[in-house]
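The block underneath contains the structure these notes are about, expressed in structure tokens.
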Amino acid sequence: MFVLPKGIMKPKESKSELSKDAAATANRDGGGMATNGSKTENSSGPVPATATDNNGPNAAPHTTATPAQRQELTRLLAEYAAAPNATAKATAATSLARRYNSVERFDSAGFYLEQVALAKPSAQNWQQAADAYFQAFSFAATDERVKLLGGKARELYAKVLRDQPGNLDAKTNLGMAYMASDNPVQGVTYLREVLEADPRNEKALYNMGILAVQSNQYDKAVKRFQDLVKVNPKNVNGQFYLGVTLARTGAKEEAKQAFLTAKSLSNDPALAASVEEEIAKLK
């Protein structure tokens, strides 16, 4: 089902999975049908960010990389290992992160970007590392990876906010990473702080809508998605979820219009199929 909240369609799935999938749809193209959220790892997706040869200085190039990409990664890994000083190591780490990102090994990209930030601490460098780990978190296929990658993202976003407390993008991602932790209340707090500072923040509105769905507060969810599509009428996910939540509150005609609007904004056949299925339920 195209980006349909799992809390509605699959109530047995965990809150952390719904929160993580919300982060995925809010922060990258794809999500939903393309990756099936937390249930599937892309063939070119990340591997566990651990101290094994899946990560760190001895990380092996991803098996789905092309021969040329694997050769380049091998060369850069050797260059990183042989770097004579911190400056050279940071330069090699930056190149490695770029290459790992190109083959969607976001956790490995995060590892090397963190090395850059450790060598050259700045809010920008910490956020680059945090964003990479958050991207890997959004692809995580197991509870262990959710915990590991979400924890790294939280740790690094906290460093960003220490230097830039008004960084709303970092605060939003930190909030979503907390939603899949043992302290989801802290996540809601961060998202509310974002909306207090910027009531038109699309990412925060979207994720607060998803969290309302998660707790079966469909009236609140409708309001969040209505606010979202007022800010950006072309937000496909916002229109689709608005249809979903309106349908749950009994506003069938309004739901149908939202579904049709979502369909008109995208050529994705999975979305079209989902819209037709949802509209059929309204009859």
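A few comments on the model shown:
- Residue within the range 214-222 that is under 27 Å from Leu149 (Cα atoms) and charged (D, E, K, R) present: no
- The range 223-249 - residue that is of a type in the set (Lys, Arg) and in a helix (DSSP H, G or I) and, of those, nearest to Ile279 (Cα to Cα): Arg248
- Scanning the range 250-267 for residues that are open to solvent by less than 60 Å² (accessible area, probe 1.4 Å) and outside any helix (DSSP H, G or I) yields Gly250, Ala251, Ser266.
- When the range 204-230 is filtered for residues that are touching a residue at least 60 places away in the same chain (Cβ under 8 Å) and among the hydrophobic types (A, V, I, L, M, F, W, C), the ones remaining, listed by number, are Ile210, Leu211, Val213.
- Test: residue in the range 205-218 that is surrounded by 18 or more Cβ atoms within 10 Å (Cβ to Cβ), touching a Phe, Trp or Tyr at 6+ places or on another chain (Cβ under 6 Å) and closer than 26 Å to Leu174 by Cα: yes
- Count of the range 106-141 residues which are closer than 25 Å to Gly175 by Cα, without any contact (Cβ under 8 Å) to a residue 60 or more places away in the chain and not in a helix (DSSP H, G or I): 2
- Output for the range 173-192, where each listed residue is open to solvent by 30 Å² or more (accessible area, probe 1.4 Å), assigned to a helix (DSSP H, G or I) and over 15 Å from Val160 (Cα atoms): Tyr178, Pro184, Val185, Gln186, Val188, Thr189, Arg192
- Residues in the range 80-112 that are farther than 20 Å from Thr66 by Cα and open to solvent by less than 30 Å² (accessible area, probe 1.4 Å): Tyr80, Ala83, Ala90, Ala92, Ala93, Gly110, Tyr112.
- The range 220-234: number of residues that are out of contact with any Gly (no Cβ under 6 Å at 6 or more places or on another chain) and open to solvent by less than 60 Å² (accessible area, probe 1.4 Å): 4
- Residue tally, condition touching a residue at least 60 places away in the same chain (Cβ under 8 Å), open to solvent by 10 Å² or more (accessible area, probe 1.4 Å) and out of contact with any Asp or Glu (no Cβ under 9 Å at 6 or more places or on another chain), over the range 143-172: 1
- Residue match in the range 235-247 (condition: open to solvent by 40 Å² or more (accessible area, probe 1.4 Å) and either modelled with pLDDT of 95 or more or touching a Leu at 6+ places or on another chain (Cβ under 9 Å) (or both)): no
- Matching residues in the range 193-219 - criterion: being in a helix (DSSP H, G or I), more than 24 Å from Pro165 (Cα to Cα) and either among the hydroxyl-bearing types (Ser, Thr, Tyr) or out of contact with any Ser or Thr (no Cβ under 9 Å at 6 or more places or on another chain) (or both): Tyr218
The values are calculated or read from the model by the stated rules, or taken from the named source; none is laboratory data. It should be emphasised that the depicted structure is a prediction, and the values quoted were computed from it without experimental measurement. Every residue, glycine as well, gets a Cβ built from its backbone with ideal geometry; the counts of neighbours run over all protein chains shown. Heads up: the accessible areas ignore ligands, DNA and RNA and are worked out on the full protein's heavy atoms, side chains in. Shrake-Rupley method; radii C 1.70, N 1.55, O 1.52, S 1.80 Å.
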